[in-house]
Amino acid sequence: MDRKVIFKGRALPMLLLLPQLAVTLVFFIWPAAMAVWQSLLQQDAFGLSTEFVGLDNFAEVVADPAWRGAAANTAVFASSVAVLALGVALFLAVQADKAIRGQRFYRTMLIWPYAVAPAISAVLWLFLFHPSIGLIGRALNAAGVMWDYQLNGNQAMLLVIIASAWKQVSYNFIFFLAGLQGIPKSVLEAAAIDGARPLRRFWTVVFPLLSPTTFFLLVVNLVYAFFDTFGVIHALTRGGPGKATETLIYKVYVDGVDNLNLGSSAAQSVLLMLFVIALTMVQFRFVERRVHY
Amino acid sequence: MLRRTLAAAAAAALAFAAPGQAQAPAAAPAAPVEIQFWHGLPQPLGGLLEKIVSDFNASQQRYRVVPSFRGSYPETMVGAVAAFRSSSAPHIVQMFEVGTGTMMAAGRAIRPVHELLASTGVSIDFADYLPPVRGYYQTADGRQMSMPFNSSTAVMFYNKDMFQRAGLDPNAPPKTWQDVEAAARKLKEAGIACPMTTSWPAWIQVEELLAIHNQPLATQANGFRGMNAEMRLGGALMVRHMQNLVEWQRQGLFRYGGRDAAADGLFPSGECAIAFGSSGLRARIVREAKFQWGTAMLPYYSDVQGAPRNSIIGGASFWVMNKGPNAGATGGRTDAEWRGVAEFFRYISSPEVDAKWHQDTGYVPVRRASYELTRRAGYYTANPGADVAIEELLRGGAATDNSRGIRLGGYVEIRTIIQEEMEKAFQAGQSAQQAMQAADTRANAVLRNFERQNARAAQ
């Protein structure tokens, strides 16, 4: 409260806040409000006829088996991406944290994939796993594995999970490495003197001390899997085969842009918005307090 | 209020700035009337299209058409829709054929080409256009709604070297599906891993198949007679063909190569011996194929009465748009602007422009005159097979209710549904019959939804 005295009047602080508020209002609040409004309407593509339908769009979306299928896909997809990306990144960070020759080189190399755009990384994975032009895809088929993600839904899901997780590993790696370096050496040395082997030291000392980082990354990774993986799916499978890799965000795009069904698309994005708000609240309310600092 | 004023001010500023730049070097007596033209053709096709536009601009001084690439066809479509909603629609937008039903129902958003021509006094000889091309973009009673331009159809490409290796006559491509199956078996016996594949599964193996056999895809003449059409994918022929494809896939005679154009690369790379693809694929095959190949018409089932008929077109046409929802009777444009649009259409309809476009790109000529012009120039002698697509479009005389085209709202979504259900059948998750019935059910829901939205618009 005592900070308030820094500014005498109200005008100057307001003025200084204005640019930030304006940006938030124009680029975040306004579009979100428009989406909420659109989700209550039934409209033809060109907006020539509009009917206020209340929550009908939401009722239709939730009752739609295709949306439920997409929700199930998203649950599998997002949890797999988060677990895989976190697991691999933690493993790599622990290895890179050791005193080894060429440490800097490894660290730099591991950070690079983050700079690759999702659609580009998807194309790279396509060149690896395409059943007829991909290096690994051809090898798999030659080895007798029936590899064709264009027709096998499970293989398609596996591929988009790997491609999406790969992109996020670098990001997680940076945070885990920083977290590891923040752990006091004295604690680890004390544990070592008590006779704890490296694996035990990791699970009883390092991992709990990393929990704030891990939890923060878990939320970031879930949000990434929910929203930022559109490019990967679009370039690799377009939601197919059938609807095997259609996630909620991909369905929002298909219904809005391809099918021009704006009411339903808006209702779906509002549902997604609610989910993220809930996720963020969980993070701030509960876990920030509980995790071990 | 403030927003509108700002937008108007910005628009005015742009309007002053743009001609100013163009005018300075040319020093024309009066600024040419600008016509905004959005298209969805990537390179190299987009460049060839923009060349036609700049040729038009150079041919006269009163109008200047400004082409602008807006991404893929669906992206161009959604861009135009959004622009219309904010009263800044382009004068002309290129729209793919499956968007026709949606555009046709767009009421105040579009200006039908026949109205445009009548009000500007410009005439275009649509009688000379190939019936399957003009018919696709006409109302049931023959009024032209959009301007046909880049049109293709599906054909069969086959690898002559592989045919030879399998002991098949490379100069006698299979004509019927029975022949195709026999050829595929021989190719497989000769050790060819991929005897046949298809691009555009929904377009070629469903829409084209039904048109060629004079069978309905939907009631009401595939939707030409009304929005209350219902899907008819569960018909005997469609189920039979789907059953065959699934069976052939199981036996290794057919390979599913993915949705839309995903399978395009399998033929020029020499992997698949027979490929069903757009006639527009020809340019790529010419460039990439390192083997002898041939072009033939799409096959048919010889025991179906009345087959084969003409195939239907794919590709896109040009739609004329009003500026926005509140533009009124003038559509928000001046008479000069409408006139400019009509003059541009007359220019692209000339047989010389059309013939050159056909020869440069592999799209079919949309007029008989340009077909004749190309033939007289000896193009088909030098490029055997380039005329197969046109002959196929003209096969069997006048188009029937089932072979005129498809006029269903929300058809972009329906095509995806068909492809999804086909994929489920290929995965052996469901039978051919179940796949086609599921596609019917889901597509009918789309049609009813579209009908409801547009019935309200008509009120």
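Any idea which of B:TYR371, A:GLN155, B:GLY101 is furthest toward the positive side of the dipole for the protein assembly as shown, if Lys and Arg beta-carbons carry +1 and Asp and Glu beta-carbons -1?
Positive-end residue among those listed: A:GLN155.
Rounded if a/c is under 1.5, else prolate if a/b beats b/c, else oblate: with a ≥ b ≥ c from the C-alpha gyration tensor eigenvalues square-rooted, which is the stretch A:55-290? Can you show the working numbers first?
Values: a/c = 2.59, a/b = 1.44, b/c = 1.80.
Oblate, since a/c reaches 1.5 and b/c is not below a/b.
Rounded to the nearest 100 Å², what is the sum over both chains of accessible area buried where B meets A, with a probe of 1.4 Å?
Result for this pair: about 2800 Å² buried.
Cα gyration tensor of the stretch A:160-293, axes a ≥ b ≥ c as square roots of the eigenvalues: rounded (a/c below 1.5), prolate (a/b > b/c) or oblate?
Prolate, because a/c is 1.5 or more and a/b exceeds b/c.
Against the longest principal axis of chain B, how steep is helix B:335-348, in degrees 0 to 90 to the nearest 10, with axes from Cα atoms?
30
About its Cα centre, how strong a charge dipole does chain B have in debye, to the nearest 20, once Lys and Arg get +1 and Asp and Glu get -1 at the Cβ? Mind dumping the intermediate values first?
On the way: 46 positive and 40 negative charges, 154 e Å.
Approximately 740 debye in magnitude.
Only bridges whose two residues both fall in chain B count here: according to DSSP, what percent of them are antiparallel, nearest 5?
Around 60 percent antiparallel, to the nearest 5.
Using only Cα atoms and rounding to the nearest 10 degrees, what angle (0 to 90) does helix B:2-26 make with the longest principal axis of chain B?
The answer is roughly 90 degrees.
May I ask for the angle, rounded to the nearest 10°, between helix B:351-361 and the longest principal axis of chain B, with both axes built from Cα atoms and the value confined to 0 to 90°?
50
Quote the accessible area belonging to A:ILE193 in square angstrom, nearest 10, computed with a 1.4 Å probe and with ligands, DNA and RNA left uncounted.
Per-residue accessible area (A:ILE193): approximately 140 Å².
Compute, for the stretch A:54-127, the length of the dipole vector about the Cα centre, with Cβ point charges of +1 (Lys, Arg) and -1 (Asp, Glu) only. Units Debye, rounded to 20.
700
Packing-wise, with mean Cβ within 10 Å as the measure, how do B:327-333, A:130-136, B:36-42, A:89-95 rank, highest first? Write down the numbers at each step before the final one.
Details: B:327-333: 15.0, A:130-136: 17.3, B:36-42: 20.7, A:89-95: 19.1.
Top of the packing list down: B:36-42, A:89-95, A:130-136, B:327-333.
Which net charge results for the neighbourhood of B:ALA261, defined as the other residues with beta-carbon distances under 14 angstrom from its beta-carbon, given Lys and Arg at +1 and Asp and Glu at -1?
Around B:ALA261, the charge tally is +3.
So with the 1.4 Å probe, I'd like the accessible area per residue for chain A, rounded to whole Å².
56
Alpha carbon centre of the stretch A:175-228 versus the stretch A:1-53: separation in Å?
Value for the Cα centre distance between the two parts: 39 Å.
Put a dot 7 Å past each Cα toward the Cβ at A:TRP37 and A:ILE162; how far apart are the dots in nm?
Label-label distance for A:ILE162 and A:TRP37, simple model: 4.7 nm.
Distance cut-off 27 Å, Cα to Cα: go down the list B:LYS51/B:LYS160; A:LYS243/B:LYS186; B:LYS175/B:LYS290; A:LYS243/B:LYS175; B:LYS188/B:LYS290; A:LYS167/A:LYS251 and report the pairs above it.
B:LYS51/B:LYS160; A:LYS243/B:LYS186; A:LYS243/B:LYS175
Going by Cα centres, the stretch B:188-208 and the stretch B:421-453 are how many Å apart?
Taking the Cα centre of the stretch B:421-453 as reference, the centre of the stretch B:188-208 is 21 Å away.
Anything losing 50 Å² or more of accessible area from the isolated chain to the full protein assembly: pick those residues out of the stretch A:236-253, probe 1.4 Å, ligands and DNA/RNA ignored.
Going by heavy-atom accessible area, the residues of the stretch A:236-253 that drop by at least 50 Å² are A:GLY242, A:LYS243.
First select every other residue whose beta carbon is under 15 angstrom from the beta carbon of B:PRO365; then total the charges, Lys and Arg +1, Asp and Glu -1.
-2
Would you work out which of B:THR416, B:GLN434, B:ALA329 lies farthest towards the positive end of the dipole of the stretch B:328-459? Charges go on Cβ: Lys and Arg +1, Asp and Glu -1.
Sorting the options by dipole projection puts first B:ALA329.
B:GLN61 versus A:PHE215, label points 7 Å from Cα toward the beta carbon: distance in nm?
Here the modelled spin labels are 7.5 nm apart.
What is the extension gain from B:SER72 to B:ARG250, computed as 0.36 nm multiplied by their sequence separation minus the C-alpha to C-alpha distance, in nm to one decimal?
This chain segment gains 60.7 nm when fully extended.
Exposed loop trypsin sites (Lys or Arg not before Pro) only (DSSP loop, at most 16 other Cβ atoms within 10 Å): please give the longest stretch of chain A free of them, not including the sites.
Numbers: sites that count: A:LYS8, A:ARG10, A:LYS98, A:ARG101.
Looking at chain A, A:102-293 is the longest stretch - no exposed trypsin sites (Lys or Arg not before Pro) with at most 16 other Cβ atoms within 10 Å.
Using the Cα centre of the protein assembly as shown as the reference point, and only Cβ charges (+1 on K/R, -1 on D/E), how large is the resulting charge dipole? Debye, rounded to the nearest 20.
It comes to approximately 2000 debye.
Report, in order of residue number, the helices in chain A meeting two criteria: a C-alpha extent of 27 Å or more along the helix axis, and a mean Kyte-Doolittle hydropathy of at least -0.5; treat each whole DSSP H run as one helix.
TM-like helix candidates: A:65-97, A:153-181, A:262-282.
Which one of A:ASN141, A:ALA72, A:GLY240 has its Cα pushed farthest toward the positive end of the charge dipole of the stretch A:55-290, where Lys and Arg give +1 and Asp and Glu give -1 at the Cβ?
Projecting each Cα onto the dipole axis, the largest value belongs to A:ASN141.
Compute the Cα gyration tensor for the protein assembly as shown, then decide on rounded, prolate or oblate, letting a ≥ b ≥ c be the square roots of its eigenvalues: rounded whenever a/c is under 1.5, prolate when a/b is larger than b/c in the other cases, and oblate in all that remain.
Note, shape of the protein assembly as shown comes out oblate.
Grab the DSSP H runs of chain A that are 4 residues or longer, score each as -39,500 (n - 2.57), total them, divide by all residues and round the 222 nm result to the nearest 500 deg cm²/dmol.
The helix-only estimate for chain A comes to -19500 deg cm²/dmol at 222 nm.
Quick one: net charge of B:MET321's neighbours, Cβ under 12 Å, K/R +1, D/E -1?
+4
If the convex hull of the alpha-carbon atoms of chain B is projected onto planes in all directions, what is the mean projected area in square nanometres?
Dividing the Cα hull surface by four gives the mean projection, 23.3 nm².
What does the helix-only formula give at 222 nm for chain B: each DSSP H stretch with n ≥ 4 adding -39500 (n - 2.57), the total divided by the residues, and the result rounded to the nearest 500 deg cm²/dmol?
Here the helix-only value at 222 nm equals -13500 deg cm²/dmol.
The values are calculated or read from the model by the stated rules, or taken from the named source; none is laboratory data. Source: prediction; values computed, not measured. No Cβ is skipped: glycine too gets one built from the backbone with ideal geometry, and neighbour counts run over all protein chains shown. What goes into the accessible areas is simple: the full protein's heavy atoms, side chains included, and nothing from ligands, DNA or RNA. Shrake-Rupley method; radii C 1.70, N 1.55, O 1.52, S 1.80 Å.
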